[in-house]
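The values are calculated or read from the model by the stated rules, or taken from the named source; none is laboratory data. Predicted model, so just to flag it, every value in this text is computed and none were measured. Glycine also receives a Cβ, built like all others from the backbone with ideal geometry; neighbour counts cover every protein chain displayed. Just the protein is used for accessible areas: all its heavy atoms, side chains included, with ligands, DNA and RNA removed. Shrake-Rupley method; radii C 1.70, N 1.55, O 1.52, S 1.80 Å.
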Amino acid sequence: DVQQINRAQRTIDIAMFAFTDRYIAEALLRAAHRGVAIRLYRDREQYHEEQRHAAEHGGMSTSNMFRGEALIHIRVKSNGERNLMHLKAYAVDGVLLRDGSANWSNAGLKDQDNNAHFTNDRAQVRAFMADFERMWSRADNDETQ
């Protein structure tokens, strides 16, 4: 994932259920500093759990690492208990799609049995981008940054 983020030139659109991996967060920060516009869409319950965990342990969540970054925008799905935003996918520059079961967490990337699938198939990338725009544009999303 870090290699793909490092290759981004214009945009990265991300829908990520769990996101606690600092190496990926740092790669996104570097991309934003290079001028890459980043949109990060999150699940409400998971987002708030990560915020609480960071606060309880005196740390900073990955989302808080992005505070004040003009090119990083975060929206959180307004969902109920069973209405998850459970995707683990992103598109780079509208030409590369990564999806799969792996969250951006230490366990998800190193310990669990997960997969990550990369493709530059135009139809698959376009389908994700259309779904992402629909999710991103929901009127009841919370814009956290």
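Key figures for this structure:
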quantity	calculated
Criterion violated by M60 - all others in (1) farther than 25 Å from R134 by Cβ; (2) surrounded by fewer than 17 Cβ atoms within 10 Å (Cβ to Cβ); (3) at pLDDT 95 or above satisfied	(3)
Candidate set from region 93-145 (those that are among the hydroxyl-bearing types (S, T, Y) and modelled with pLDDT of 95 or more); member that is least open to solvent (accessible area, probe 1.4 Å)	T119
Lone qualifier among R22, R30, R39, R52 - being of a type outside the set (S, T, Y) and in contact with a strand residue (DSSP E or B) (Cβ under 8 Å, 6 or more places away or on another chain)	R39
Test result for R22, buried (at least 20 other Cβ atoms within 10 Å of the Cβ), within 19 Å of K88 (Cα to Cα) and among the basic types (K, R)	no
D99 vs. criteria part of a strand (DSSP E or B) and charged (D, E, K, R)	yes
Failed condition for V76, given (1) surrounded by 14 or more Cβ atoms within 10 Å (Cβ to Cβ); (2) within 30 Å of R122 (Cβ to Cβ); (3) over 11 Å from the mean Cα position of the chain (by Cα); (4) not polar (S, T, N, Q)	(3)
